[in-house]
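Below is one structure, written out as structure tokens, with a few remarks after it.
A short reminder: the numbers here are calculations on the coordinates, not readings from a lab. Remember, predicted model here, so these are calculated numbers, not experimental data.
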Amino acid sequence: MNDTRAERSAYVELAHRVLSQRKAVFGLAILALFVLVAVLAPLIAPGDPTAFVGRQSQGPSARHWLGTNGQGQDVFSQLVRGSRISLVIGFSVGALITVIGLAVGMTAGYLGGFADGLLNAFTNVFLIIPALPLLITLASFLPPGIFTVVFVLTLTSWAWPARVFRSQTLVLREKDFVSAALVSGEGRGRIVFAEILPNMLSLVVSSFFGNVIYAIGADVGLAFLGFEDLNKVSWGTMLYWAQNNSALLTGAWWTFVPPGLCVALVAFSTTMVIYAIDEITNPRLRSEKETNRLLRSYGIVPSRSTPVAAPTAAPTAAPAANSGRSRHDAR
């Protein structure tokens, strides 16, 4: 019971420290706004987003807030509805990559020996395979759909997080609290999930958010290249049709700027959360921030340069030379 309370307090403490950072709050607010829009998409933009509602490449107006694309479809409706597929793929792939990376990395790092060698060799195989060609090849031959995209992105992306989690587990398993847990008779599963995992929770959260934005960017890239179901509306397919209709050449900026801006804002929000977690867990950044806060409290503006005290000159040689010269002049 006490161990369970300690684990919960560690999670609560990390959440409190993250929410105390302005960067994290700002990033989570933007991300929550996109999630809310995706959940309420049928209410915000009712109707079929693929329906033809007006003239082709019509600019923004009171009737169509973001105009129409090259097929005469409402861009705002597609932008809102497309957020559902893009965010579902992003969060699904991010969660799967993190879970698989944790399972493989922590198992290899904690067990060591033959299991570590086997899992490490298996991980290295996926690390040396070029990810982009494999990604395009699998997406070309498998049937198009959300599950195919999730499967392909997860299969080609789990190896690097597994390597990172393995390295961290190798460090933590040599700590005193792990040795104390072994001596007290705790099982391997409890040591891994109750002792080691809470101490690398910040790394897991940062990896998850990084995997989310990677998945969204990779999904947009695959759709832009035409390797997805183009009948489904997503931010990537919106960019594909904008490029296919030469929107950049015709000046129809409203067909490609909004989806590109949404992808950039989601990437910005997740990056802000990752930076905030890094400031919390990195002792160097944390001490620098505390030092700057202390300097500001005394009215001192912190700078990036490191103050260096200039050495004082030795006052012995010059006075002796001057005194000798003065005697000679006096004579």
>> I'd like the per residue volume of the convex hull spanned by the Cα atoms of segment 71-156, given in cubic angstrom.
In response: 107 Å³
> Once phi is turned into ³J(HN,Hα) by the Karplus curve 6.51 cos²θ - 1.76 cosθ + 1.60 with θ = phi - 60°, what whole-Hz value does each residue of segment 192-200 show in order, with x for glycine and proline?
Replying inline: 5, 8, 9, 10, 7, 4, x, 7, 10
> How would you classify segment 230-274 from its alpha-carbon gyration tensor, with a ≥ b ≥ c the square roots of the eigenvalues: rounded for a/c under 1.5, else prolate if a/b is greater than b/c, otherwise oblate?
Replying inline: oblate
